[in-house]
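The next block holds one structure in the form of structure tokens; read it before the comments.
The values are calculated or read from the model by the stated rules, or taken from the named source; none is laboratory data. Source: prediction; values computed, not measured. Using ideal geometry, Cβ is built from the backbone for each residue, glycine included, and neighbour counts are taken over all protein chains shown. These accessible areas exclude ligands, DNA and RNA; they are computed on the full protein's heavy atoms, side chains included. Shrake-Rupley method; radii C 1.70, N 1.55, O 1.52, S 1.80 Å.
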Amino acid sequence: MAVFTGTVAVTGLNATDNPGPGVPVVRALRSSPEFAGRIIGLAYDAMDPGLFLPDLLDGAMLIPYPSAGRDALFARLAHARRTFGVDVLIPTLDSELPALCDHEHVLRAMGIGVYLPTRAQYDMRSKARLFELCENHDVPVPRSEVLNDPNALYSIHERFSFPIAVKGVFYGATIAYSASEAVAAFHKQAAEWGLPIIVQEFVAGEELNVAAIGDGEGGLIGAVPMKKLMLTKQGKGWAGVTIHDAPLMALARRAVAAMKWRGPLELEVIRDAAGGYHLLEINPRFPAWVDLSAGAGQNLPLACARLAAGESVGTLPDYRVGAAFVRASVNQLVDISAFEALTVHGERAKAS
Amino acid sequence: MTAGTDRLSQLAISPSGFIFDPRSGSTFTVNEPARFILEAIRDGLGLDAIVKTLNDHFAAGAADLRRDTLEFARRLRDSGLLPTDFELV
């Protein structure tokens, strides 16, 4: 395909022990010989670690938190367009999408392309509605209940066997082995992400994930399945490998078709000891391991950038089974002045 | 390939004994006799043929080789690489 020369803005540059997908998205773009564009990091904090990785970004800018509202975000994106010539935006955090979905025309009028789901698609895969979606489309999913009142947890044993997963509405899950643990988890998740809280039947097994892009008509533009080989205490993948798993890919195709999903997504699936598959979550963005897709020969972030720019990508090449990643945590040595431009001016032309 | 050994046929087996299962993402290491047995089962050899060939390559008694081969086949069943009803005969 033709070399991509546009300017891509990427969010989610926090690269802590629970990293955002921004740095892996950028690394995937940079790794491709078909990418000759510029990359601008959009960060919420001047100390987001991805801002300080050498040779990662061509520029960086602070943007307001989603809680500041759509107008504040769009004003900042218009500034990014004027200052850095941003052509394409790849948002990578769940909480960013409500402000962007259904406003693609506004962004396009600014000159910024995105490839995103509609708000209706975004909502139908939410943790609160996943069970209903899957039940209606014959996708295997653990039973769940949506709770707004912690008192309901004292009778949850009548409907679920412990342990259960207590999940926040956007992020986070706690495995609870008793009603008291479940109530504590309810308050912890609610304090962080608000209500409702989702209680999900716990399924033991191997954790599998699929990173993909849906075409908005029920098809998959590309998809790469991965098995986590190492987990952090938070359950985040620290190492993983691409696998060949036909039933997993069939499940992914069914779920994407059910939603007619448009844009990047990640499916989290458990394969139980009997070989059954259970869809735990659908995340509405690339995962933090998405650079593995590039390593496996199917560069999903680059495909997303092209689609957002209005290009056609056709059928992506098959991914390579056995491509693995191992995450590393490193200290980046910088001078304190590296924080200056972003802290004082909210932007800088070149990463340190 | 013989019936029931299709999972073994999917394995990526390195000469070093490092094995990658592309379906589960799991990796294993086996020693040389175990790799030999695994490849023999995958290729459809029966128990007598495996023991005879092992006997030509490794210095061990036929009874030991027979027992070890059956034990290894059981471990392959336990790890899901052979069907639970697979019998090496």
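List every residue pair whose Cβ atoms lie under 6 Å apart, where the two residues are 6 or more positions apart in sequence or sit on different chains, the first residue falls within the stretch B:17-30 and is more than 8 Å from chain A (Cβ to nearest Cβ) and in contact (Cβ under 8 Å) with a residue 12 or more places away in the chain, and the second residue, located anywhere, is open to solvent by less than 10 Å² (accessible area, probe 1.4 Å) and part of a loop (DSSP other than H, G, I, E, B).
So the pair list comes out as B:29/B:17; B:30/B:17.
Go through the stretch A:128-146 residue by residue and tally those that are open to solvent by less than 20 Å² (accessible area, probe 1.4 Å) and assigned to a loop (DSSP other than H, G, I, E, B). Talk me through it step by step, then tell me what you get.
Filtering the stretch A:128-146 for residues open to solvent by less than 20 Å² (accessible area, probe 1.4 Å) gives A:130, A:133-134, A:139, A:142.
If we keep only those that are assigned to a loop (DSSP other than H, G, I, E, B) as well, we get A:139, A:142.
Going through the stretch A:128-146 one residue at a time, the tally reaches 2.
Given the conditions (1) of a type in the set (D, E, K, R); (2) within 14 Å of chain B (Cβ to nearest Cβ); (3) within 24 Å of residue A:231 (Cα to Cα), and given that residue A:318 satisfies all but one, which numbered condition is not satisfied?
(3)
What number of residues within the stretch A:20-46 are surrounded by 20 or more Cβ atoms within 10 Å (Cβ to Cβ) and either more than 20 Å from residue A:85 (Cα to Cα) or β-branched (Val, Ile, Thr) (or both)?
9
For the stretch A:342-349, does any single residue satisfy the condition of being farther than 28 Å from residue A:105 by Cβ, open to solvent by 60 Å² or more (accessible area, probe 1.4 Å) and within 14 Å of another protein chain (Cβ to nearest Cβ)?
Checked against the condition, which is being farther than 28 Å from residue A:105 by Cβ, open to solvent by 60 Å² or more (accessible area, probe 1.4 Å) and within 14 Å of another protein chain (Cβ to nearest Cβ), the stretch A:342-349 yields no hits at all.
Of the residues in the stretch A:208-241, how many are modelled with pLDDT of 95 or more, among the charged types (D, E, K, R) and under 21 Å from residue A:322 (Cα atoms)?
1
Which of the following residues is at positive phi and open to solvent by 60 Å² or more (accessible area, probe 1.4 Å): A:310, A:322, A:314, A:297? Talk me through it step by step, then tell me what you get.
Details: A:322 fails: open to solvent by 60 Å² or more (accessible area, probe 1.4 Å); A:314 fails: open to solvent by 60 Å² or more (accessible area, probe 1.4 Å); A:297 fails: open to solvent by 60 Å² or more (accessible area, probe 1.4 Å).
On inspection, the qualifying residue turns out to be A:310.
When you look at residue A:30, is it in contact (Cβ under 8 Å) with a residue 40 or more places away in the chain, of a type in the set (D, E, K, R) and more than 20 Å from residue A:221 (Cβ to Cβ), yes or no?
no
Which residue pairs have Cβ atoms under 7 Å apart, sit 6 or more places apart or on different chains, and have a first residue in the stretch A:217-239 that is within 26 Å of residue A:315 (Cα to Cα) and a second that is open to solvent by 90 Å² or more (accessible area, probe 1.4 Å)?
Every condition considered, the pairs that remain are A:217/A:260; A:218/A:260; A:220/A:253.
Evaluate the stretch A:234-244: report whether one residue or more is out of contact with any helix residue (DSSP H, G or I) (no Cβ under 7 Å at 6 or more places or on another chain) and hydroxyl-bearing (Ser, Thr, Tyr). Write out each step before concluding.
Step one: list which residues in the stretch A:234-244 are out of contact with any helix residue (DSSP H, G or I) (no Cβ under 7 Å at 6 or more places or on another chain), which gives A:234-239, A:241, A:243-244.
With the extra rule that they be hydroxyl-bearing (Ser, Thr, Tyr), the set shrinks to none.
Taking every residue of the stretch A:234-244 in turn, none turns out to be out of contact with any helix residue (DSSP H, G or I) (no Cβ under 7 Å at 6 or more places or on another chain) and hydroxyl-bearing (Ser, Thr, Tyr).
Does residue B:17 qualify as being surrounded by 13 or more Cβ atoms within 10 Å (Cβ to Cβ) and touching a strand residue (DSSP E or B) at 6+ places or on another chain (Cβ under 9 Å)?
yes
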